[in-house]
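Here is the structure we will look at.
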Amino acid sequence: MRVERANPLVGALVWLGLLGPPLAWTAQLVLGYFAEDADCARGSGGWGFSSHTINAILFAAAAGIAVAGILGSVWVLQRAAERPEDTRGRIPFMALGAVLVSTLFGALVVMTGIGVLSFEACRAG
Amino acid sequence: MAATDIAAAERVERLERLWAEPHGLWTFLTTVDHKKIGKRYLVTAFAFFVLAGAEALTMRTQLAQPGERLVGPKEFNQLFSMHGITMIFLFVTPMLSGFGNYFVPLMIGARDMAFPRMNALSYWIFLGAGFFMYSSFLFQLAPNDGWFNYVPLSDSVFTPERNIDFYNLGLLFLTISTTAGAVNFIVTILRMRAPGMSINRMPLFCWALLATSLSVIFALPALSAANIMLELQRKFGFHFFDVKKGGDPLLWQHLFWIFGHPDVYIIFLPAIGIVSTIIPTFSRRPVVAYTWVALATMSTGFIGFGVWVHHMFATGLPQVTMIFYSAASMLITIPSGVQVFAWTATVLTGRPVLRTPMLYVLGFIVVFVVGGVTGVMFAAIPFDQQVTDSYFVVAHFHYVLFGGAVFPIFAAIHYWFPKITGRMMSERLGVVGFWIFFVGFNLTFFPMHISGLLGMPRRVWTYEHGLGWDVYNLLSTIGAFTLALGILLVVVNVLLSLSGGPLAGPDPWGANTLEWATTSPPPDYNFPVVPTVRSANPNWDPADRLEDERRLREGSYVLDDGHETPATTVLDADVDRVLAMPSESPWPFALALALTIFFTLFLVAHFVFAAISSVLIFAALLGWHATEPQQS
Amino acid sequence: MTEQAIVVVREEPRPNGWWGMLLLIATEASLFGTLIATYFYLRFETVAWPPDGIAEPKLLRPLVLTAILVFTSVPMWVAVQAARLGRRGLLWANLLAALAIGALYLWFQADLLRKNALLFTPRTDAYGSIYYTLQVAHAAHVFAGLLLNAWLLSKIWRRVTVCRLFGVQAVALYWHFVNALAVVVVLTILSPSL
């Protein structure tokens, strides 16, 4: 039942898949917005950094975490199918959930990243 | 055999004695029973629904034809503001809390919420805050700048009277209740589930309330911060939103919508939890893709925090800023879509039974999809900028909020009435009521799409003839009265069935969740023996329910030595402790009363007296914690 | 493999009160997140920050004070261990130490704000408004921690029950949170000079 105890890697990967991509997207949104605001607002114009560069870095990092989340949880899901050691089915549930969550938030990271990078920084809408 | 039966009867009798509360006024003020508190939430919230509905009917009468003079512009501003505030803060959220209070402990096989006294406190504060805000009508000073209360209109220059102080302080007051309720739901759902109910077997209603409560925890502080800042500006001359002194009015919009958009999901998620509860029962099969629905619920709540700027697409923000939120606003439709497909698949692959609750749920799916489609349109920035602040927006959010929350609430009223009262509602009256409700709803809100596209702005108190809006407004008004008739029929049905309905028995619908495993209405201790769970549909596992009866006879996990319920681990729901639960207490009521006094004194700007009255708050807190349950 | 209906685990679980406190902290953290976001939002909108006529905040005293406050997490941690072992004297002494240092911090902090108020007030401009709001919100949380601490001291005067152990654990959690928050708040406040 307590598979996580037996194999800490399984627990770590499941939680990475469930929490990693959502938090990566959160960081992309909050820090990216922050950088954009700092770059463009009139109070901070002279700081001399490019919010686009920061957004590109955030995009790459967040996408990396999403991919790691997907791969890790797919592995756990496969392993759970081969070795049904959890009679309650909690680990397969969490692993499938992690696959879904990391895919969804991975898509969100990609959409946000492409959208943000294809517009000029600091142009009024 | 006989001897064990007698032992079982003795155990039940002991539980009766331990959990019974005496009748009378004192118990009324001191009860901590989640079922009584849940019922109070439902009745009080419904009363606010009737008030907000009356405000809506007044507005629709005023708008029935051009140039009407039933109310003036000042009254109209108060009417639409209080209509929104009441529906969102005083009806939908507490109504769903009411269902949550009553049914979450029953669904997870617990005997009460994790913090029963705090639960009572939540209710009393909700009542106090509701009275606080509605007392503004006595002075004709009801909040009048919309439920979103934009500055600079709401600052002391443009609204010098106390209207907005009622708004700020009332919402701060109510936030205490909502936050305490959310904490209670989360800890209850995480720690009080029946043995064996691991997270992959949790009822979907509990998943929905978990997502909602987490949203409350993280979203409400933004509203509170905004309320505090505005109140500091209004009463003490601070400059948060004052351009001349380095402030920014858009800051209010950011703060408000950081709260406001998650709040849409705070309203909507418990309602879809109800839908996911009712559909399997009346489709006679477990819900399709349980894991997908559960995770979609959680994901929706999470992404809901990243879309707030789509309420501000017309405020001249940089393009890149808007793109972040446009992307999230489009993606958030995917988890909602997943759920709609899962529900449809459940109905199509099951053997659907079209009783009244199911009719409301199917009506919900139709209406919600329409509202969802216009929602996707808003995620496209150019379209949003065209229709912003028009009746098209009014049509959209009534389709998602009335459709997405009120339809499920009415489904829940019909579905859970037998459990709460022990009696069935009239099916014939229910079906007639549903159709009038459904037709009335669409007749009210569909024409608003058209009048909005024709250019009719929101929040106008009247309009001139010859703009092409007349017929759509008249249709909306006729629809509103039809809708009111439908609601009236439901109320009549409830009142008639309270005493005259046929007896329901424990499980009239053949449902899959644990609240149907006990009598209707449930006893004070909910379950004579702590139930055990081995699937996501525990009431469809007859072997487990027989096992419960056997354990009652054997005295295993009856917990009849004290006012007790088990606590279980967060993920697997293994028993790790037996909790001694508090019983009746006067302190929640006293604390809520002290808070009401404090906020009232603050409202009338007697700051010194307000500070003195905070002594009462501390006294109530000390009294509350003077006694402690005897832990074993 | 068939599944056992009731599994009992023999580990020491977190009490429900601890979970409740964790969620209270989450919502408080969110409140401070909003205030700090407001600080930077206003800052980016203003050309001179702090605005003309207001000096940049001095670094030394606030940083030293914060370090002292953060140090009180040590006696608080010791207090929790003492409560678990049932050593009432040690528990009492450490709670009292944390309370005394915290009160001292608050005294100096109030003094700092009083001196600042001679130079600019919340009514001067938006900078002043958010500066004092953040500072006072933070001080109010320290003060709430002191009240909780004093209440615990009065409660464990005679004996330490299980229920009071839970109380110590929950209050300690809050205390550590307020100290962590102090670091974030002071760094925000001092950011124009860093």
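Things worth noting here:
- Residues satisfying the stated conditions in the stretch C:31-85, i.e. within 14 Å of chain A (Cβ to nearest Cβ) and in contact with a Phe, Trp or Tyr (Cβ under 6 Å, 6 or more places away or on another chain): C:ARG43, C:PRO50, C:PRO51
- Test: residue in the stretch B:202-221 that is of a type in the set (S, T, N, Q) and surrounded by fewer than 24 Cβ atoms within 10 Å (Cβ to Cβ): no
- Test result for B:ALA605, of a type in the set (A, V, I, L, M), assigned to a helix (DSSP H, G or I) and more than 12 Å from every other protein chain (Cβ to nearest Cβ): no
- The test for being among the aromatic types (Phe, Trp, Tyr) and open to solvent by 20 Å² or more (accessible area, probe 1.4 Å) holds for B:PHE402.
- Cβ-Cβ distances below 8 Å connect the following pairs, each with a first residue in the stretch C:1-23 that is more than 8 Å from chain B (Cβ to nearest Cβ), a second residue that is surrounded by fewer than 17 Cβ atoms within 10 Å (Cβ to Cβ) and not in a helix (DSSP H, G or I), and a separation of six or more residues or different chains: C:MET1/A:THR87; C:THR2/A:THR87.
- Residue in the stretch C:60-68 that is part of a loop (DSSP other than H, G, I, E, B) and surrounded by fewer than 20 Cβ atoms within 10 Å (Cβ to Cβ) present: no
- Enumerated helices (runs of 4 or more DSSP H) restricted to the stretch B:54-136, each holding at least 2 residues that are surrounded by fewer than 21 Cβ atoms within 10 Å (Cβ to Cβ): B:73-85, B:116-134
- Candidate set from the stretch B:578-598 (those that are open to solvent by less than 30 Å² (accessible area, probe 1.4 Å) and at pLDDT 95 or above); member that is farthest from the other protein chains (Cβ to nearest Cβ): B:ALA592
- Criterion violated by C:LEU147 - all others in (1) part of a loop (DSSP other than H, G, I, E, B); (2) within 9 Å of chain B (Cβ to nearest Cβ) satisfied: (1)
- Test: residue in the stretch B:556-577 that is assigned to a helix (DSSP H, G or I) and open to solvent by less than 30 Å² (accessible area, probe 1.4 Å): no
- So B:GLY466, is it in a loop (DSSP other than H, G, I, E, B), loosely packed, with under 14 Cβ neighbours inside 10 Å, touching a Lys or Arg at 6+ places or on another chain (Cβ under 9 Å) and not hydroxyl-bearing (Ser, Thr, Tyr): no
- In this structure, A:THR103 does not qualify as open to solvent by 40 Å² or more (accessible area, probe 1.4 Å), among the β-branched types (Val, Ile, Thr), under 17 Å from the mean Cα position of the chain (by Cα) and facing chain B (nearest Cβ under 9 Å).
- Against the numbered list (1) hydrophobic (A, V, I, L, M, F, W, C); (2) surrounded by fewer than 19 Cβ atoms within 10 Å (Cβ to Cβ); (3) within 22 Å of B:HIS398 (Cα to Cα), B:TRP461 comes up short only at (2).
- Among residues that are more than 14 Å from chain C (Cβ to nearest Cβ), touching a residue at least 12 places away in the same chain (Cβ under 8 Å) and either part of a loop (DSSP other than H, G, I, E, B) or out of contact with any Asp or Glu (no Cβ under 6 Å at 6 or more places or on another chain) (or both), B:LEU153 is not included.
- Taken over the stretch B:237-253, the residue count meeting the criterion of being outside any loop (DSSP other than H, G, I, E, B), open to solvent by less than 10 Å² (accessible area, probe 1.4 Å) and facing chain C (nearest Cβ under 10 Å) is 1.
- Taking the numbered list (1) assigned to a helix (DSSP H, G or I); (2) open to solvent by 10 Å² or more (accessible area, probe 1.4 Å); (3) within 8 Å of chain A (Cβ to nearest Cβ) in turn, B:GLY316 passes all entries but (1).
The values are calculated or read from the model by the stated rules, or taken from the named source; none is laboratory data. Note that the structure is predicted; figures quoted are calculated from it, not measured. Counting neighbours? That spans all protein chains shown, and the Cβs are built from the backbone with ideal geometry, glycine included. When the accessible area is computed, the model is the full protein with side chains, heavy atoms only, and any ligands, DNA or RNA have been set aside. Shrake-Rupley method; radii C 1.70, N 1.55, O 1.52, S 1.80 Å.
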